[in-house]
1. Would you be able to tell me the number of residues in region 206-215 that are crowded, with 18+ Cβ neighbours inside 10 Å and out of contact with any Asp or Glu (no Cβ under 6 Å at 6 or more places or on another chain)?
2. I'm trying to understand the selection: among the residues of region 119-151, which are exposed (fewer than 13 other Cβ atoms within 10 Å of the Cβ) and either touching a residue at least 60 places away in the same chain (Cβ under 8 Å) or of a type in the set (A, V, I, L, M, F, W, C) (or both)?
3. Within region 113-121, does at least one residue satisfy the condition of being in a loop (DSSP other than H, G, I, E, B) and of a type outside the set (Phe, Trp, Tyr)?
4. Would you call residue 107 among the acidic types (Asp, Glu), in a helix (DSSP H, G or I), closer than 26 Å to residue 208 by Cα and modelled with pLDDT of 95 or more?
5. When you look at residue 161, is it in contact with a helix residue (DSSP H, G or I) (Cβ under 8 Å, 6 or more places away or on another chain), of a type in the set (Ser, Thr, Tyr) and closer than 30 Å to residue 92 by Cα, yes or no?
Amino acid sequence: MFYKHWKKIALTFTALFWASCDDSSLTDSPDLYGCPPDACQDEPVSSEAGQPESSSSEEAISSSSEEASSSSEFMDAPLYGDIPVFGDTADIVCTPMDSSFTYFATDYSAETQKMWKEQEVNRDAVGKIDSIKQTLSESPMCLEHLRMELDRFVALYGAPTIIQNAVDSCSDGTTRPSEEYARFIKMKEEWEANLPTLEEELKKVYEDKMKEIEERINKCLSGEAGE
């Protein structure tokens, strides 16, 4: 009888054996995520996932294009001297023009103007003496000496002052005086502002000098002055 049912008994013991086994080794094994390399295939990249990368690439290309455009603009910009000019925001650059201005520095000297006024008195006095001599049968020697004294020519002009490159041409399309010429213009403006006062002084110089000469002429004609 035992021999007849040994297969059933063996199966029963086998079942009990496996039931009594501890399966902790299976439960303690680390969790696996994904799938083995040989069982997985590359998943297609969705359009949403790829969008940021495409946008970043476009930004990089746009940035490179802007830098190239900026570099080209700098190379093609008009140059004035060694400084590139970009529209109204750049500094205005001026370069000297082939021009010059000539003036006599003595023209703007009060002392020189007074000396010229005295020379004018002398010339006028000589003319007066010549007019008197025509009314005399004999001209006194003192009158001749006085005329010779007054008729001496005194050169007061000197050498002209020349300002080279008096005008500058500027990058904004205008022209302006150079630094040296600008100083002359300022001096000339100050001179003209003070000219009315100087003219009053020159008038007095003329009157006083002529009065002195007339007194000498009268003394000579009256015989008070020695020969």
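1. Our first condition is that a residue be crowded, with 18+ Cβ neighbours inside 10 Å; within region 206-215, this holds for 209, 213.
Then keep just the ones that are out of contact with any Asp or Glu (no Cβ under 6 Å at 6 or more places or on another chain); that gives 213.
Residues in region 206-215 being crowded, with 18+ Cβ neighbours inside 10 Å and out of contact with any Asp or Glu (no Cβ under 6 Å at 6 or more places or on another chain): 1 in total.
2. Selection gives 136, 141, 148.
3. The answer is no, given that none of the residues of region 113-121 is in a loop (DSSP other than H, G, I, E, B) and of a type outside the set (Phe, Trp, Tyr).
4. So residue 107 fails the test.
5. yes
The values are calculated or read from the model by the stated rules, or taken from the named source; none is laboratory data. Predicted, not measured: the structure shown is a model, and the values here were computed from it. As a convention, Cβ positions derive from the backbone with ideal geometry for all residues, glycine included, and neighbour counts pool all protein chains shown.
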